[in-house]
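Student: Mind having a look at this structure? Questions to follow.
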C-alpha cells in the first residue's frame, strides 16, 4: 500500500498549499486555478483508480467504501463550485485532509486485513507521484 501512501503524500501537499495560500491572504483566484488543475490532472484520476481497483475488493454495501465514495462526490462538488471560492477552498483543504486520513487509517487498514496488498499492486496502474510543476508558487512567502 506504499504506492497509495505516496500518492496521498502528494495530495496532502495540495491541502498544505491551499491552507498556506488562504492564511497568507493570497488572491483566491490564484489558488483556485492551481487547485482546479491539480483536481483534473491528479486528484480526479486518483479517485477513479481507487474506486475501480481498491474499493472493488470490498463488498458493494461496505460502509467504509460508501463513506469514501460519498466523500469523493462531496469533494468533486466543492471543486466544481464557482460561487464562494474562498469558502470552497477552505472546505476542500479540510475535507480532503480528513478524507485522506480516513482512507489511510481506517479504510486501507481494513483492506489489509481483507486481502494482500500485493494483489492490488499488480492490477492498479500508478499515477504520477510528483507534484504538478506550477510557476505561480503562491504558497511560498
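Student: With the requirement that a residue be assigned to a helix (DSSP H, G or I), over 25 Å from residue 31 (Cβ atoms) and touching a helix residue (DSSP H, G or I) at 6+ places or on another chain (Cβ under 8 Å), what does segment 51-84 give you?
Tutor: 51, 53, 54, 55, 57, 64, 65, 67, 68, 69
Student: Continuing with the same structure: Give segment 77-87 a look and list any residue that's farther than 18 Å from residue 10 by Cα and touching a residue at least 12 places away in the same chain (Cβ under 8 Å), or say none.
Tutor: 78, 85, 86
Student: Out of all the residues in segment 108-141, which are touching a helix residue (DSSP H, G or I) at 6+ places or on another chain (Cβ under 7 Å), more than 15 Å from residue 3 (Cα to Cα) and modelled with pLDDT of 70 or more?
Tutor: Result: 110, 114, 134, 136, 138, 139.
Student: Limited to segment 51-66, what total is found for residues that are under 19 Å from residue 101 (Cβ atoms) and either without any contact (Cβ under 8 Å) to a residue 40 or more places away in the chain or surrounded by fewer than 12 Cβ atoms within 10 Å (Cβ to Cβ) (or both)?
Tutor: Counting residues in segment 51-66 that are under 19 Å from residue 101 (Cβ atoms) and either without any contact (Cβ under 8 Å) to a residue 40 or more places away in the chain or surrounded by fewer than 12 Cβ atoms within 10 Å (Cβ to Cβ) (or both) gives 5.
The values are calculated or read from the model by the stated rules, or taken from the named source; none is laboratory data. Everything numeric in this text was worked out from a predicted model, so none of it was measured. Heads up, the Cβs are rebuilt from the backbone with ideal geometry, glycines too, and the neighbour counts pull from every protein chain shown.
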